[in-house]
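Novice: Submitted below is the structure of interest, expressed as structure tokens.
The values are calculated or read from the model by the stated rules, or taken from the named source; none is laboratory data. All figures in this text were calculated on a predicted structure; none of them were measured in a lab. Cβ placement follows ideal geometry from the backbone for every residue including glycine, while neighbour counts extend to all protein chains displayed. Accessible surface areas use protein heavy atoms only, side chains included; no ligands, DNA or RNA. Shrake-Rupley method; radii C 1.70, N 1.55, O 1.52, S 1.80 Å.
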Amino acid sequence: MRVQSLSLAAASAALLAPTTAPTTQPPHGDRPVATREGTVTAAGLLAKVRACAPVSHGRYRSDYGAPATIPVCGTGDAVYWKADMDIDCDGRPGPRCNRGTDPYFAPSTAFAQSDGRPLSAERLPFIVVPAPSRIWDYRDHGVRGGAVVAVIHRDRVQYAVVGDTGPQHIIGEASYAAAKALGIRPDPHGGGVASGVTYIVFKHTRVSPIEDHAAAVAAGERAAKRFVGAR
């Protein structure tokens with residue numbers, strides 16, 4: 001897990017293409033993947049998380065040295081927060097996530113894929129949750145590794161899973177693949193975006209195997225429709 005300062009990231013973060021039904025680009029950028037992330041819109045999801053009923057017993061920082069201003073909010077169906085996005089490149093090494101590309105690289109993730117190997121940050125969209133602490137313990141709110149997440153940036157919705165844990169006092173991080181799919185610069189050394197990302201984790205959901213992104217999309221769409229009241 002790596003947390004970086006994003007003071008210079010905002011100017012270079014958004015590489016967005018206008019779309020109403022985004023097509024996920026593969027982490028390697030070689031060819032488009034014919035996977036539609038779903039029919040529930042960013043606006044529909046964001047309308048449900050305008051208000052915040054805090055479930056955390058304090059607030060998180062977006063980065064080391066930043067003020068603690070971010071609560072974890074909750075409903076009966078989900079927990080959510082609005083933060084920045086730092087880039088997690090940890091896990092199974094690849095051409096874009098390794099010790100050479102990321103000075104903070106760690107070859108492990110808190111949750112492993114079905115064959116026991118760490119997750120691949122450059123291939124699998126996943127988010128990082130803070131390690132359990134007195135501020136908040138995700139496990140007390142129906143969240144486990146593999147839980148389904150809707151990550152929203154501007155008009156894009158990307159479904160992901162909970163795949164890693166980070167520092168107890170910092171929140172707002174996702175994998176290289178999740179950032180790239182959202183049009184956010186995924187570079188582990190200077191990428192990310194300083195604000196404007198919403199993370200909605202659906203309680204009591206779990207993708208198995210955790211590395212099956214198509215299953216995450218299907219489960220995410222079902223959960224998102226329930227969340228916004230669509231049928």
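Novice: Show me 95-103, 218-226 ranked by packing, highest mean number of other Cβ atoms within 10 Å first. Intermediate results must be reported in sequence, preceding the final value.
Specialist: Working: 95-103: 16.0, 218-226: 19.7.
In descending order of packing, they fall as 218-226, 95-103.
Novice: A further question follows. Share of region 34-116's accessible area from carbon and sulfur, percent, 1.4 Å? Can you show the working numbers first?
Specialist: Numbers: 2160 of 4080 Å².
Solvent-exposed carbon and sulfur of region 34-116 make up 53 percent of the total.
Novice: How much net charge surrounds V162 when only other residues with a Cβ under 10 Å from its Cβ are counted (Lys, Arg +1; Asp, Glu -1)?
Specialist: Details: positive: R144, R206; negative: D164.
Within the 10 Å Cβ shell, the charges total +1.
Novice: Over region 138-231, give the accessible area per residue in Å² for a 1.4 Å probe, as an integer. Walk me through the numbers before you get to the answer.
Specialist: Working: 3240 Å² over 94 residues.
Solvent-accessible surface per residue comes out at 35 Å².
Novice: Please report the orientation-averaged projected area of region 93-227, defined via the convex hull of its C-alpha atoms, in nm². Could the numbers behind the result be given before it?
Specialist: On the way: hull surface 32.3 nm².
So the mean shadow area of the Cα hull is 8.1 nm².
Novice: Moving on. Just order 138-151, 116-129, 173-186 by mean Cβ neighbour count inside 10 Å, highest at the front, would you? Walk me through the numbers before you get to the answer.
Specialist: Values: 138-151: 21.1, 116-129: 23.6, 173-186: 28.0.
Output ranking for 138-151, 116-129, 173-186: 173-186, 116-129, 138-151.
Novice: Counting Lys and Arg as +1 and Asp and Glu as -1, what is the net charge of the other residues whose Cβ lies under 10 Å from the Cβ of A223? Before the final figure, lay out each step's value.
Specialist: Details: positive: K203, R222, K225, R226; negative: D77, E221.
Result for the local shell: +2.
Novice: Tell me, in nm to one decimal, what length is gained between A53 and K225 on full extension, where the rule is 0.36 nm per residue of separation less the Cα-Cα distance?
Specialist: 59.8 nm
Novice: Roughly to the nearest percent, how much of the accessible area of region 129-223 is carbon and sulfur, given a 1.4 Å probe? Write out the running numbers ahead of the final one.
Specialist: On the way: 1400 of 3030 Å².
Solvent-exposed carbon and sulfur of region 129-223 make up 46 percent of the total.
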